[in-house]
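Everything below concerns the one structure shown next.
The values are calculated or read from the model by the stated rules, or taken from the named source; none is laboratory data. Quantities reported herein were computed from a predicted structural model and do not represent experimental measurements. Don't worry about glycine lacking a Cβ; one is built from the backbone with ideal geometry, like all the others, and counts go over all protein chains shown. When the accessible area is computed, the model is the full protein with side chains, heavy atoms only, and any ligands, DNA or RNA have been set aside. Shrake-Rupley method; radii C 1.70, N 1.55, O 1.52, S 1.80 Å.
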Amino acid sequence: MLRLVSLALALGGTWVLWSGYFSPLLLGLGVLSVVIVLIVNRRMAAIDEEGVPIQLAGSIFSYWAWLIVEIFKSNLQVVRIVLSRDMKISPTVIKVPVLQSSDLGQVLFANSIILTPGTLSLDLYEGHVLVHALTEEAADEVEAGEMNRRAARVMDGASGLVSDQKRGE
């Protein structure tokens, strides 16, 4: 029930923030659309710990703040490469082991790589992410594992889904 209420609040809040309209008719249509989405999600049995990950609420915001800074720094690196005369790129494909044991944690890590300019998650399989990096430096940063560790900490702090054995600690 808590997940259903959380999803309803998130959908309603998002609708109100993005629409910016507060007339009774539009608010009523917004409520109706949220109710329809809730009914469909409930029938699909999609309101579970992966569909509505409220367990991440405590730790995800600090991760997002860190990720936004990393995205900004990576943007600057890519802009520097693009604007330089000799365009020093060295496309590299690497295979990085994931530290997260849950599907949600692995997707969080792979999507974080995609959001960072200069890197791209090509595939996620058997506990590894195949990553394309624009430069060897970007590949080295992914292999260094700071993003991997932080994503694992988010999941670990949320529900203990990452085992110390898997992380190599």
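Just a few scattered comments:
- Scan the stretch 76-89 for residues that are among the polar types (S, T, N, Q) and more than 15 Å from Val142 (Cα to Cα) and the total you get is 1.
- Residue in the stretch 78-89 that is closer than 23 Å to Leu108 by Cα and open to solvent by 50 Å² or more (accessible area, probe 1.4 Å) present: no
- Selected residue (only one of Val131, Val107 is assigned to a strand (DSSP E or B) and either touching a residue at least 40 places away in the same chain (Cβ under 8 Å) or surrounded by 13 or more Cβ atoms within 10 Å (Cβ to Cβ) (or both)): Val131
- Screening the candidates Tyr21, Tyr63 for the property of being of a type in the set (Ser, Thr, Tyr), open to solvent by 30 Å² or more (accessible area, probe 1.4 Å), closer than 30 Å to Met1 by Cα and outside any strand (DSSP E or B) yields one hit, Tyr21.
- Exactly one residue out of Ile71, Ile94 is in a helix (DSSP H, G or I) and modelled with pLDDT of 90 or more, and it is Ile71.
- The residue pairs whose first member lies in the stretch 148-162 and is farther than 13 Å from Gly58 by Cβ and at pLDDT below 90, whose second member is buried (at least 19 other Cβ atoms within 10 Å of the Cβ) and among the acidic types (Asp, Glu), and whose beta carbons are closer than 9 Å, counting only pairs six or more residues apart or on different chains, are Val162/Asp156.
- Meets criteria (open to solvent by 60 Å² or more (accessible area, probe 1.4 Å), assigned to a helix (DSSP H, G or I) and out of contact with any Pro (no Cβ under 8 Å at 6 or more places or on another chain)) for Leu38: no
- Selection status of Ser101, in contact (Cβ under 8 Å) with a residue 60 or more places away in the chain, surrounded by 14 or more Cβ atoms within 10 Å (Cβ to Cβ) and touching a Lys or Arg at 6+ places or on another chain (Cβ under 6 Å): yes
- For the residues Ile81, Ile60, Ile71, the requirement of being of a type in the set (Val, Ile, Thr), under 15 Å from the mean Cα position of the chain (by Cα) and over 18 Å from Ala10 (Cβ atoms) singles out Ile71.
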